[in-house]
Amino acid sequence: MFQYDEPYYFAGIPFTARQVPRKLAWLLGRGLIRQLLKGVYIDVRVRDSPQLRCDALRLVVPQDAVVRGRAAAWLHGIDTTALGAEDLIQPEWTHQPITEVVEVDGIRVTSPAATALGLAMQLPRPFALSAVDAILRSGKADRWALRAASAAYEGHRGYRQGQTILRYADRRAASPGDSWLRLRLLDAGFGTPDLQVRVDGPSRVYRLDLAYPDRPVDGKWLGLEYDSDQWHSTQKQQLRDETRRTELDALGWHVISVRRTDLWGS
């Protein structure tokens, strides 16, 4: 553990394993550093930031290369949860000519639009959708522009999946869990749910992650919410959720809570 006011390890900047070969295991074992991306580490007290991500990639990506894939989405500010089952990002880059390239603090990277199109075709479907939803939500790419630009990728591997993902994508998805749940509903043939549905109560306004407001069943509308482990696991959080569902039931809504294990298994 850190002593009070102890300076940041390695001055608080990212570093590679080769820079601390003998101390790496010791530092990790004591919880003093964390792996920021594969092969790059940082003092655990340093908060994530766009600058930090740039500095980390600069250590492992050749200067004349173009960052692509999940690493590009990460550099554009997308959370790792939306990009795959593993939190750790593997640096990905290419020396092949790419037309849609931008610079982020001197690092060449595929544009947000090109990144979204690539991930839509390459990632497993749940993560392809959550990645594209997240990029749309960031405001760095537009769904209709993506669909128009995707024509240039016809014949590429994953093109058909990419077209499906772009058809399903929606910037209103508030979390990766919302995207995964929506995809399950669509695959099961339930039709397209509405997102972030507003429900007006007598003393407050509710927002439902997903809902079918035009299809009442037994006199009630159906809403679904993805309850992540992070925000819905403690007794206090679960009591709050149950109270909320009871209040919504009184307003004519049957709300189903969906957890990670419901989508992914144990």
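The values are calculated or read from the model by the stated rules, or taken from the named source; none is laboratory data. Treat the numbers as computed from the prediction; the structure is a model and nothing was measured. A quick note on method: Cβ atoms are made from the backbone with ideal geometry, for glycine too, and the neighbour counts reach across all protein chains shown. Heads up: the accessible areas ignore ligands, DNA and RNA and are worked out on the full protein's heavy atoms, side chains in. Shrake-Rupley method; radii C 1.70, N 1.55, O 1.52, S 1.80 Å.
Annotations for the structure displayed:
- The condition of being under 23 Å from residue 255 (Cα atoms), modelled with pLDDT under 95, buried (at least 20 other Cβ atoms within 10 Å of the Cβ) and not polar (S, T, N, Q) holds for only one of 177, 191, that being 177.
- Of the residues 30, 53, 22, 47, the single one that is touching a helix residue (DSSP H, G or I) at 6+ places or on another chain (Cβ under 9 Å) and basic (Lys, Arg) is 53.
- All positions within the stretch 1-36 that are hydroxyl-bearing (Ser, Thr, Tyr), at pLDDT below 95 and open to solvent by less than 90 Å² (accessible area, probe 1.4 Å): 9
- Condition met for residue 147 (open to solvent by 70 Å² or more (accessible area, probe 1.4 Å) and either in a helix (DSSP H, G or I) or hydrophobic (A, V, I, L, M, F, W, C) (or both)): yes
- From 241, 214, 209, residue being among the acidic types (Asp, Glu) and part of a helix (DSSP H, G or I): 241
Okay, residues lined up against (1) at pLDDT below 95; (2) polar (S, T, N, Q); (3) open to solvent by 10 Å² or more (accessible area, probe 1.4 Å); (4) not in a helix (DSSP H, G or I):
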| position | (1), (2), (3), (4) |
| --- | --- |
| 51 | no, yes, yes, no |
| 56 | no, no, no, no |
| 59 | no, no, yes, no |
| 62 | no, no, yes, yes |
| 70 | no, no, yes, no |
| 73 | no, no, no, no |
| 81 | yes, yes, yes, no |
| 85 | yes, no, yes, yes |
| 88 | yes, no, yes, yes |
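- Residue list for the stretch 247-263, filter: modelled with pLDDT of 90 or more and part of a helix (DSSP H, G or I): 247, 248, 249, 250
- When residues of the stretch 90-135 are limited to those that are assigned to a loop (DSSP other than H, G, I, E, B) and among the charged types (D, E, K, R), the one surrounded by the most Cβ atoms within 10 Å (Cβ to Cβ): 92
- When residue 196 is tested against (1) of a type in the set (S, T, N, Q); (2) surrounded by 14 or more Cβ atoms within 10 Å (Cβ to Cβ); (3) in a loop (DSSP other than H, G, I, E, B), just one condition goes unmet, and that condition is (3).
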